[in-house]
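The values are calculated or read from the model by the stated rules, or taken from the named source; none is laboratory data. Please read all numbers here as calculations on a predicted model, not as lab measurements. Every residue, glycine as well, gets a Cβ built from its backbone with ideal geometry; the counts of neighbours run over all protein chains shown.
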Ligand SMILES: Nc1ncnc2c1ncn2[C@@H]1O[C@H](COP(=O)(O)OP(=O)(O)O)[C@@H](O)[C@H]1O
Ligand SMILES: Nc1ncnc2c1ncn2[C@@H]1O[C@H](COP(=O)(O)OP(=O)(O)O)[C@@H](O)[C@H]1O
């Protein structure tokens, strides 16, 4: 697999941890995504998941995202998913099929997601 | 359908409400079972569900039983399901297929279920 | 209690076809017809009960998921071939398979059908709705 | 990261067969082979992505549910017939369909497969395990 498939966490700006997911992800990388999201949620910062360059996810990855969002909600941590025009069909399609698009707390760009999360 | 298909609630002994389910039950009667279980759980008594003469249930009925048990647990209400030799194959089979037999807080006779629930 | 709004039943020795409204109260009727059909086949009570469960779950899905607004029709047909193979088809003309994360159900319907039927087939016909076909081998020992 | 413990791949113009260990890390390989096979068929990127999703969900089930203890084999085969019909089979030799109320999954795998495939078939072969067969019509407009 090309190394375009990556999950990278960074402190994009003070108080906002961004986990950037690129390429395609499935049950083989879902545990790594979960680890990074758990760490971000434990960091005390707001959390953004950037799916702008994600091309494909399966239901195990969707499950990790849904659980992270629920976890953030319960712990009062600001949480946003950047999901926009550049996000791959293979991500949008699963969200549409499952009716989850509305339920992930999305923003249409990475910058908007960061601004939203920082403002919460 | 013969009227052997019934759901009857009664105060079997002081402090123990017994909901007796006879015959076969599915989505057509699951809402009625839920109503009676909700009422029993609201009555302040311990709750027993008697499945000794139940011949068949579908997954919507199983769901009502699982939710009632969870509800009872959260509210600290004693709860037992009587499930024994006379219980029909069509009940035991679904519990076995779904691995739920252990999870419903069962007792092997109606009397044992009432005694357990009263003692909790 | 039973609102059979449209019941056209043509039972015969080798099968039946039912056209019912997708209402919960109609599901016991399907089991009733099924048990009638299986009576002469020498199938064990346990096997008949298993088949009734699988078919009930298929009908429940049509009732609970196919028609978000007004209940439409469900067609249930059962055919015995060579006395030993039962094919049951449950067809609705609803929204088509829509995976829902927040399903109101327990989420075991499809796997229960798959576990009991010797073969489970789910088609999404071009003209909308869902067609579920289950095949059951009625010979003793077959599972 | 990729532990392809047993990979016997025989790609040809009209199909492939893969025999893999039921490990999460092997699932991307299946998508890779599938995309290779579909390249010449003129299928849209969207259709290929949908098919990749349905097949991924089938493989995920074999990995996550079929083998509670030690991972066994998963056989994935794909065949193109007449250039317009794709049949994908995912077969494990595990525990067989076991409906679980407390599944660790999201519970949308089977309905996602059913929604995308033109036909989904689930068999429980007598010699254990689960066989999932999906048929996809590759002609444009077909859904
Ligand atoms: N006939 C149908 N029409 C539309 N959607 C269906 C149908 N049957 C099943 N589904 C979808 O498939 C999902 C899984 O079905 P099932 O395994 O029976 O679980 P449950 O019904 O308990 O959710 C349902 O939640 C529903 O979203
Ligand atoms: N290959 C398989 N082997 C054993 N059980 C399976 C298999 N595939 C599916 N199942 C059972 O069917 C259930 C429903 O599968 P699915 O709809 O994909 O949801 P999920 O995998 O998210 O639970 C699973 O929870 C599992 O119990």
Filter the range D:97-121 for residues that are closer than 17 Å to residue B:97 by Cα and more than 8 Å from ligand 2 (Cβ to nearest atom); the one that is farthest from the other protein chains (Cβ to nearest Cβ) is D:102
Apart from one, (1) more than 11 Å from ligand 1 (Cβ to nearest atom); (2) under 26 Å from residue B:64 (Cα atoms); (3) not in a helix (DSSP H, G or I) all hold for residue C:98; the odd one out is (1)
When residue C:134 is run through (1) within 16 Å of ligand 2 (Cβ to nearest atom); (2) in contact with a strand residue (DSSP E or B) (Cβ under 9 Å, 6 or more places away or on another chain); (3) farther than 25 Å from residue B:24 by Cβ, the failure sits at (3)
Scanning the range B:53-92 for residues that are part of a loop (DSSP other than H, G, I, E, B) and either within 14 Å of chain C (Cβ to nearest Cβ) or over 12 Å from residue B:23 (Cβ atoms) (or both) gives B:58, B:76, B:77, B:78, B:83, B:84, B:85, B:86, B:87, B:88
For the range C:75-100, pairs from a residue that is farther than 30 Å from residue A:93 by Cα and touching a residue at least 12 places away in the same chain (Cβ under 8 Å) to a residue that is within 16 Å of ligand 2 (Cβ to nearest atom) and in a strand (DSSP E or B), with Cβ under 8 Å and 6 or more apart or across chains, are C:87/C:134; C:88/C:134
| task | Might you let me know whether the range A:57-72 holds any residue that is in contact with a helix residue (DSSP H, G or I) (Cβ under 8 Å, 6 or more places away or on another chain), in contact (Cβ under 8 Å) with a residue 60 or more places away in the chain and over 25 Å from residue D:62 (Cβ atoms)? | result | no
- Any hit, the range C:54-67, residues being in contact with a helix residue (DSSP H, G or I) (Cβ under 7 Å, 6 or more places away or on another chain), facing chain D (nearest Cβ under 7 Å) and within 16 Å of ligand 2 (Cβ to nearest atom): no
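Matching residues to (1) surrounded by fewer than 22 Cβ atoms within 10 Å (Cβ to Cβ); (2) touching a strand residue (DSSP E or B) at 6+ places or on another chain (Cβ under 9 Å); (3) within 24 Å of residue D:104 (Cα to Cα):
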| position | (1), (2), (3) |
| --- | --- |
| C:87 | yes, yes, no |
| C:93 | yes, yes, no |
| C:104 | yes, no, yes |
| C:140 | yes, no, no |
Filtering the range D:61-77 down to residues that are crowded, with 21+ Cβ neighbours inside 10 Å and away from ligand 1 (no atom under 16 Å from the Cβ) yields D:62, D:63, D:66, D:74, D:76
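Conditions tested, residue by residue: (1) modelled with pLDDT of 95 or more; (2) crowded, with 19+ Cβ neighbours inside 10 Å.
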residue	(1), (2)
A:71	yes, no
A:86	yes, no
A:95	yes, yes
A:99	no, no
A:112	yes, no
Criterion first (surrounded by fewer than 19 Cβ atoms within 10 Å (Cβ to Cβ), in contact (Cβ under 8 Å) with a residue 40 or more places away in the chain and within 16 Å of ligand 2 (Cβ to nearest atom)) does residue D:125 satisfy it? no
Here the residues within the range A:72-100 that are under 16 Å from residue A:48 (Cα atoms) and under 13 Å from the mean Cα position of the chain (by Cα) are A:72, A:78, A:79, A:80, A:81, A:82, A:83, A:84, A:87
**Prompt:** Mind checking whether some residue in the range D:124-132 is within 16 Å of ligand 1 (Cβ to nearest atom), at pLDDT below 95, more than 21 Å from residue D:46 (Cα to Cα) and more than 8 Å from chain C (Cβ to nearest Cβ)?
**Reply:** no
Within the range C:21-46, residues facing chain B (nearest Cβ under 9 Å) and in a helix (DSSP H, G or I) come out as C:24, C:25, C:26, C:27, C:28, C:29, C:31, C:32, C:45, C:46
Exercise for the section: Could you check, for the range D:87-95, whether at least one of its residues is at pLDDT below 95 and either outside any strand (DSSP E or B) or within 16 Å of ligand 1 (Cβ to nearest atom) (or both)? Expected result: yes
Only unsatisfied item for residue D:23, checking (1) over 14 Å from the mean Cα position of the chain (by Cα); (2) within 17 Å of residue A:25 (Cβ to Cβ), is (1)
